[in-house]
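Heads up, the thing below is written out as structure tokens.
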Amino acid sequence: MTVHVVGIGLDGVAGLTAEVRHLVLQATLLVGSDRHLDYFPNHPARRIVLNDFTPAIREIRRRLETGNTCSIVVLVSGDPLFFGLGRLLLLLLPPEELVFHPHVSSVQLAFNRIKVPWQDARFVSAHGRSFDELTQALQQGAGKIAVLTDDTRTPNAIARLLEVLDLSIYYDFWVCENLGGNEERVRCLAISEVLNQTFAPLNVVVLLRRESLSDKDEDILPLPNLASLPMLGLPDGSFLSFSDRPGLITKREVRTLVLGELALADKQTIWDIGAGTGSVSIEIARLFPTSRVYAIEKTAAGSALIEKNCQRFQVRNIISIHGTAPEILYRLPAPDRIFIGGSGGNLSKILSFCGGNLAADGSIVLALATVEHVSEAVKWASDRNWNYHLLQVQLSRSVSVGQLTRFSPLNPVTILTAKRF
């Protein structure tokens, strides 16, 4: 005897092929949710509603074991083996007795409705699960994310998660409701709009990352209200960022610690080596407008990004330098303070040059993400008998989990501050 697992969409019987429709009509045991069974109101078969999975499995097993020649059909949504009931059926029933008849999945419909290829998308089921996997995908800057929701992890909850994460990248937020049904609705919404709306229970959220800097302009990421910004600790999401390296920004909490370690003063010359988006440089420039900050970045795209962010925050005491350290450093005036946020594999050479050109009472601060770089920097300082100390930074940000709150960790960073004795 065979158990036919039939995927069905919101278009009901009309969406089934003639062959599959015949299988369902010939069934003597029909298993499914109330919604699925309602598509066959006049079906004569015995029905089992899947409110409780245990009785249905017990009855199916009993019929399989007795060799009953009846036909069993289990109705499920979409593709049974795509975040569906199929996986559980394979665990609880003999696989050789199962035949799957998939329908178009909700995710497949969603991407086709918004006309975006989906072979490279990342799929996350938040149905009855935490937001851990989604949080990780967002922090990694996944280009395309499809999220299966439930009545707790709704589009509104996903929008709140995006707000809390304060990402330095931008996602188009698509909500696809009742896909394949008469009340289908597919919309791209701003996060503020998502937060203030109610959506149909059957929905899929698709998040599409903006792929180029030109796409993430002022109509998408509005210019910050400078009067309302804090003097220290600018939100990560207020900076334009690299589309291909969305996480490449010194996080807000780390920036504030770095600024404290630099012990800045007015009228100083500061080097920011491996400046990335320019976030540290901009914080310094806003706090000390009489100082001059040289933001050194090895990529032309990075230098252009720094200049755009300077324009956004209206700072005029930053000089964006395109070049590779330490070679590009020879033409710069001697610094009072140096921050090294990236080294491009040249850490020892950069440190040697910086140590020889730093003002007598100056200091070097590094933000290091790997154990190897920490070891390399400590060895450099120790070999030259410099005074140094380390600060291990392990931070977590709160995120909503339904009506509850949990912590999501940021990547650990080691801050090393070095001075001559």
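The values are calculated or read from the model by the stated rules, or taken from the named source; none is laboratory data. These numbers come from a predicted model, not from an experiment. A quick note on method: Cβ atoms are made from the backbone with ideal geometry, for glycine too, and the neighbour counts reach across all protein chains shown. Quick note on the areas: whole protein, heavy atoms, side chains included, nothing else; ligands and nucleic acids left out. Shrake-Rupley method; radii C 1.70, N 1.55, O 1.52, S 1.80 Å.
Summary table below
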| quantity | calculated |
| --- | --- |
| In region 192-214, the residues that are surrounded by 14 or more Cβ atoms within 10 Å (Cβ to Cβ), at pLDDT below 90 and out of contact with any strand residue (DSSP E or B) (no Cβ under 6 Å at 6 or more places or on another chain) | 210, 213 |
| Residue match in region 151-164 (condition: hydrophobic (A, V, I, L, M, F, W, C), farther than 17 Å from residue 210 by Cβ and open to solvent by 10 Å² or more (accessible area, probe 1.4 Å)) | yes |
| Check on residue 401, buried (at least 16 other Cβ atoms within 10 Å of the Cβ), modelled with pLDDT under 95 and farther than 19 Å from residue 281 by Cβ | yes |
| Where residue 127 falls short, out of the listed (1) buried (at least 18 other Cβ atoms within 10 Å of the Cβ); (2) of a type outside the set (Phe, Trp, Tyr); (3) at negative phi | (1) |
| Search result, residues across region 219-274 that are assigned to a loop (DSSP other than H, G, I, E, B), among the acidic types (Asp, Glu) and modelled with pLDDT of 90 or more | 266 |
| Filter result for residue 372 (out of contact with any Lys or Arg (no Cβ under 6 Å at 6 or more places or on another chain), open to solvent by 70 Å² or more (accessible area, probe 1.4 Å), of a type in the set (Asp, Glu) and not in a strand (DSSP E or B)) | yes |
| Residue 32 out of contact with any Leu (no Cβ under 8 Å at 6 or more places or on another chain) and of a type outside the set (Asp, Glu) | no |
| Failed item, numbered, when residue 318 is tested on (1) under 14 Å from residue 271 (Cβ atoms); (2) open to solvent by 10 Å² or more (accessible area, probe 1.4 Å); (3) modelled with pLDDT under 95 | (3) |
| Region 281-300, residues that are in contact with a Phe, Trp or Tyr (Cβ under 6 Å, 6 or more places away or on another chain) and within 26 Å of residue 395 (Cα to Cα) | 282 |
| Pairs with Cβ under 8 Å, 6+ apart, first in region 367-382 and touching a residue at least 60 places away in the same chain (Cβ under 8 Å), second open to solvent by less than 60 Å² (accessible area, probe 1.4 Å) and part of a helix (DSSP H, G or I) | 367/254; 367/258 |
| Of all residues making up region 275-287, the number that are more than 21 Å from the chain's Cα centre (by Cα) and either assigned to a helix (DSSP H, G or I) or surrounded by fewer than 21 Cβ atoms within 10 Å (Cβ to Cβ) (or both) | 8 |
| Breaking point among (1) outside any helix (DSSP H, G or I); (2) closer than 19 Å to residue 368 by Cβ; (3) open to solvent by 30 Å² or more (accessible area, probe 1.4 Å); (4) of a type in the set (Val, Ile, Thr), for residue 290 | (2) |
| Selection from region 87-107 of residues that are free of Cβ contacts under 8 Å to residues at least 24 places away in the same chain and surrounded by 14 or more Cβ atoms within 10 Å (Cβ to Cβ) | 90 |
| Failed item, numbered, when residue 314 is tested on (1) on the phi < 0 side of the Ramachandran plot; (2) more than 25 Å from the chain's Cα centre (by Cα) | (1) |
| Selection within region 43-55 - touching a residue at least 12 places away in the same chain (Cβ under 8 Å) and either in a helix (DSSP H, G or I) or of a type in the set (Val, Ile, Thr) (or both) | 48, 49, 53 |
| Residues located in region 117-149, provided they are touching a residue at least 12 places away in the same chain (Cβ under 8 Å) and under 30 Å from residue 18 (Cα atoms) | 118, 148 |
| Meets criteria (modelled with pLDDT under 95, assigned to a loop (DSSP other than H, G, I, E, B) and closer than 28 Å to residue 227 by Cβ) for residue 324 | no |
| Yes/no for residue 4 being surrounded by 18 or more Cβ atoms within 10 Å (Cβ to Cβ) and more than 28 Å from residue 200 (Cα to Cα) | yes |
| Subset tally (residues that are in contact (Cβ under 8 Å) with a residue 24 or more places away in the chain and under 37 Å from the mean Cα position of the chain (by Cα)) for region 1-34 | 12 |
| Region 154-183, residues that are hydrophobic (A, V, I, L, M, F, W, C) and touching a Pro at 6+ places or on another chain (Cβ under 9 Å) | 167, 169, 173, 175 |
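Quick grid of which residues meet (1) open to solvent by less than 40 Å² (accessible area, probe 1.4 Å); (2) assigned to a helix (DSSP H, G or I); (3) in contact with a Ser or Thr (Cβ under 8 Å, 6 or more places away or on another chain); (4) modelled with pLDDT under 85:
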site	(1), (2), (3), (4)
22	no, yes, no, no
36	yes, yes, yes, no
41	no, no, no, no
57	yes, yes, no, no
67	no, no, no, yes
70	yes, no, yes, yes
74	yes, no, no, no
80	yes, no, no, no
